[in-house]
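Shown next, in structure tokens, is the structure this report addresses.
The values are calculated or read from the model by the stated rules, or taken from the named source; none is laboratory data. Computed from a predicted structure; not experimentally measured. Here the Cβ positions follow ideal geometry from the backbone for every residue, glycine too, while neighbour counts run over all protein chains shown.
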Amino acid sequence: MSDPSNEPLNSAPGTSGEGAPSLAEAGWVRTHRDGAVLTVTLDRPDQLNAQLPATWAALAEVGASLDDDVRVVVVRGEGRAFSAGLDRSMFDTSSTSGGGLGELVSMPVEEAQERIRAYQSGFRWLRSPGIVSVAAVQGHAIGAGAQLALACDLRVFADDAQLRLPEVTLGLVPDLTGTSTLVELVGYSRALEMCLTGRAVGAGEAQAIGLATLVVPGAELDSAVGDLVQALLAPPVGASRATAALVRSAVRNDFPTQDAAERAAQVQRLHDLVSGR
């Protein structure tokens, strides 16, 4: 993304214009740049935005292509669902290609783990320093879809949204960065209960337990996200990024370490203000 101005992209960054890959080749991910805001859309509505390894590769490419002028990333799903999770073809254990479960089983253990690490990189960048990520969630957010929403800093739910982590009911585990962020958001006991039952969490409950930052009627989802994005962009960029870094570090730092981080960040901000930055 070399140009921070309005920049519609057909798929992953750098692929717009003549000769661009099709949406399917780009993992059904399209992006749109509007100044400091990058919108990333899963665009496979006929399949409820079901995800494939190509989806995660495209997401990872978006993260790797960010420039310093991007301040907010909005993640959304086209159509009536955010994402219904893995494409059904991924569950074919007889296939040793395509990145599905069958291929993972056919690999040496270390190679399979490295493959999953690559998949995870499509999610983890959404907590990168310098950006705030917002998931706009409507309808189903299941499995990989739930973990994509969890990977974001903030989540705005339409009132019909339902988030579910059903991996254990399929004999699997959540493996796309979902467990750490879920515990961070709702605490150990609630996260354990959600993961071991695989039950659906509706929008109202999601807001009550801290999964949803905001819940709005479905027709107001886009405008509510837009209002939140504008509020996130309002503070000076240096202060915003320094504050976000402090809040993120507070999750894991002990009190003395976090106190020291606050002191250091404040002194740096004072110097930046005096120098006009």
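Scanning region 195-234 for residues that are in contact with a helix residue (DSSP H, G or I) (Cβ under 7 Å, 6 or more places away or on another chain) and either aliphatic (A, V, I, L, M) or outside any helix (DSSP H, G or I) (or both) gives 196, 198, 201, 209, 210, 211, 212, 214, 215, 216. Would region 90-102 turn up any residue that is at pLDDT 95 or above, of a type in the set (S, T, N, Q) and closer than 17 Å to residue 57 by Cβ? So far as region 90-102 goes, no, none of its residues is at pLDDT 95 or above, of a type in the set (S, T, N, Q) and closer than 17 Å to residue 57 by Cβ. Can you name the residue in region 151-173 that is outside any strand (DSSP E or B), in contact with a strand residue (DSSP E or B) (Cβ under 6 Å, 6 or more places away or on another chain) and not acidic (Asp, Glu) and, of all such residues, is farthest from residue 56 (Cα to Cα)? So, considering only residues that are outside any strand (DSSP E or B), in contact with a strand residue (DSSP E or B) (Cβ under 6 Å, 6 or more places away or on another chain) and not acidic (Asp, Glu), the one farthest from residue 56 (Cα to Cα) is 161. Put simply, of 239, 191 the only residue that is in a helix (DSSP H, G or I), aliphatic (A, V, I, L, M), surrounded by 13 or more Cβ atoms within 10 Å (Cβ to Cβ) and in the same structural domain as residue 36 (by TED's automatic domain parsing) is 191. Does residue 134 fit the bill of being exposed (fewer than 15 other Cβ atoms within 10 Å of the Cβ) and at negative phi? Considered against the rule, which asks whether it is exposed (fewer than 15 other Cβ atoms within 10 Å of the Cβ) and at negative phi, residue 134 comes out as no.
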